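The values are calculated or read from the model by the stated rules, or taken from the named source; none is laboratory data. A quick note: this is a predicted structure, and the numbers were derived from the prediction, not measured. Neighbour counts are summed over all protein chains in view; Cβ atoms, including those assigned to glycine, are modelled from backbone coordinates with ideal geometry.
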Amino acid sequence: MPRGAPDSLAARHDFVTETSPSKRYGINARRACWDAMEHMLRRERRRAIFTGRADLHVHSLYSDGGQMPEVIVRAASGRLDVVAITDHDTVAGALRARDYAGEHPELGVDVVVGEEISTLNGHLLALYLSERVPPGLTARDTIELVHAQGGLAVAAHPFHPLRGVARGYRSIGRLIPELPLDAIEVVNNAGVFSRLYDAWAALRNVEWMLPVTAGSDAHDVWYLGSASTGFPGRDAPALRRALATGRTRAQVDWSWTAAKMPRHVHIQSRSVLRFLTVCRQARLTG
Ligand SMILES: [Zn+2]
Ligand SMILES: [Zn+2]
């Protein structure tokens, strides 16, 4: 603390009025400078907390995404510190991405092995997996399996109109208070109207106070990092610690402008076709 600086906030705001004008000017100017400096430091500290950027919802060609895992890792370099590959009901692409990122530390990208699991209650994101969790179970049983292998369970786009809920089952969005979830995806940047269901998820989370995540739900590297989870640190273990302590920030780094629409529609129609093919293949292989 500089010499002569007042040591309490109240004292700093208590500007001197009863002394000669020159003395008053000197004292008050010093106090004002000190206030401004502290305000700046506080702002910098707040900014520095969320140094890492992670996209926690990304699909590869191993499900209905558009690119191979290696392409995604390379595209993430410079845009993100951590990327979670969360293919539908498989971790094969994520494991491949993790190996590739491990062989290329110069890219500066850490990969979290994830999966978007089709539960009977809708889509559930699992992060920090080591092996695949089977689809077709209830959300509660699925979360149990995720936790058994040390993973984290996140409610994926819990208020999206298409959540993959099986007939006769309640959606994860409605079950959130009863489920042992580790986090909630409050930013899912999958479409033009995503802000609406994202806003509702964020609002409802006021009741649950779950740690928050953001993901682009990218089915093409074009969208990669369009939504990001901010966290203190730069790598996957730091992100995990941040999720465990609720020190994450979900944000959208993208604006849906008219100029983006033709490319968006083109990518989305290709991805719907791929998704239908994946579903058909899954049915055929039982
Ligand atoms: Zn989904
Ligand atoms: Zn998805």
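When ARG174, ARG167, ARG163 are checked against the criterion of being away from ligand 2 (no atom under 16 Å from the Cβ) and either within 29 Å of ASP253 (Cα to Cα) or not assigned by TED's automatic domain parsing to the domain that holds HIS123 (or both), ARG174 stands alone in meeting it. A count restricted to the stretch 160-207 and to residues that are more than 20 Å from GLU144 (Cβ to Cβ), among the small types (Gly, Ala, Ser) and within 14 Å of ligand 1 (Cβ to nearest atom) stands at 4. In summary, PHE50 fulfils each of the numbered conditions (1) within 17 Å of LEU239 (Cα to Cα); (2) within 16 Å of ligand 1 (Cβ to nearest atom); (3) of a type in the set (Phe, Trp, Tyr) with the single exception of condition (2).
Here the stretch 199-224 is the region considered, the condition is being among the acidic types (Asp, Glu) and touching a residue at least 40 places away in the same chain (Cβ under 8 Å), and the residue that is nearest to ligand 2 (Cβ to nearest atom) is ASP217. Screening the stretch 91-204 for helices (runs of 4 or more DSSP H) wholly inside it with 1 or more residues that are more than 30 Å from TRP256 (Cβ to Cβ) and in contact with a His (Cβ under 9 Å, 6 or more places away or on another chain) returns no ranges. If the condition is being among the aliphatic types (A, V, I, L, M) and either modelled with pLDDT of 95 or more or touching a helix residue (DSSP H, G or I) at 6+ places or on another chain (Cβ under 9 Å) (or both), then the stretch 35-82 contributes ALA54, LEU56, VAL58, LEU61, MET68, VAL71, ILE72, VAL73, ALA75, ALA76, LEU80, VAL82.
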